[in-house]
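This report refers to the structure that appears directly beneath it.
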Amino acid sequence: AAAIAAAVAAAVAAAVAAALAALVSGRASAAAGSGGEVAAEAAAAPAVRFRFVLCCGGFVGAAPELGALYERSAPIAMPSLHVVGEGDGVAPGGGGEELVRLFCPARAEVVRHGGGHFMPAGKRFVERYVEFLDAQRG
């Protein structure tokens, strides 16, 4: 049962990774050849142009389909807010910090908290999220 669950999880992760890569790159062909309904939907969807990103518990994934997104000659220039839990047991060791390094340091904001793989909802955290989101209006 564990082997089947692992195989299903790997297949789903690969399909989602291919769909994400296609959406971020604007290349439908990146998802079209990978199989799976998620990838097919991404191939049919119009390209998405992101203006900013908010990553909560984010990390650099190991799926091969995402490799091209990580192998960049320049940092990702869009504004980003990264919420990183110091006790995050889901994101692979140091994964949140590794993801932050892919973004332009001048445009990347990091909110650290002592918890795990979640987005804190305390007043000071929410104020920080709202401040970031308000700055992205336009």
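The values are calculated or read from the model by the stated rules, or taken from the named source; none is laboratory data. Because the structure is a prediction, the values reported are computed rather than measured. Because the Cβ atoms are built from the backbone with ideal geometry, glycine has one as well, and the counts that use them run over all protein chains shown. Areas reflect the complete protein model, heavy atoms only, side chains present, ligands, DNA and RNA absent. Shrake-Rupley method; radii C 1.70, N 1.55, O 1.52, S 1.80 Å.
Of note:
- Test result for R112, open to solvent by 30 Å² or more (accessible area, probe 1.4 Å), in a strand (DSSP E or B) and out of contact with any Phe, Trp or Tyr (no Cβ under 7 Å at 6 or more places or on another chain): yes
- The range 93-109 - residue that is in contact with a Gly (Cβ under 9 Å, 6 or more places away or on another chain) and either among the aliphatic types (A, V, I, L, M) or assigned to a loop (DSSP other than H, G, I, E, B) (or both) and, of those, modelled with the lowest pLDDT: L99
- Members of the range 70-86 that are within 16 Å of C55 (Cα to Cα) and open to solvent by 40 Å² or more (accessible area, probe 1.4 Å): Y70, P75, A77, M78, E86
- So A62, is it farther than 25 Å from R128 by Cβ, of a type outside the set (S, T, Y), modelled with pLDDT of 65 or more and not in a helix (DSSP H, G or I): yes
- Pick from the range 88-100, criterion touching a residue at least 24 places away in the same chain (Cβ under 8 Å) and more than 13 Å from the chain's Cα centre (by Cα), ranking: nearest to F125 (Cα to Cα): D88
- Residue within the range 87-106 that is in contact with a strand residue (DSSP E or B) (Cβ under 6 Å, 6 or more places away or on another chain) and open to solvent by 60 Å² or more (accessible area, probe 1.4 Å) present: no
- Test: residue in the range 72-85 that is more than 27 Å from F118 (Cα to Cα), modelled with pLDDT of 75 or more, charged (D, E, K, R) and outside any helix (DSSP H, G or I): yes
- Each residue in the range 107-138 was checked for being of a type in the set (V, I, T) and touching a strand residue (DSSP E or B) at 6+ places or on another chain (Cβ under 7 Å), and 2 of them qualify.
- Taken over the range 76-123, the criterion of being among the acidic types (D, E) and under 27 Å from R137 (Cβ atoms) is satisfied by E109 alone.
- Residue satisfying condition, being of a type in the set (F, W, Y), touching a residue at least 12 places away in the same chain (Cβ under 8 Å), outside any helix (DSSP H, G or I) and open to solvent by 20 Å² or more (accessible area, probe 1.4 Å), within set F125, F118: F118
- Within the range 70-88, being among the small types (G, A, S) and in contact with a Gly (Cβ under 8 Å, 6 or more places away or on another chain) holds for G85, G87.
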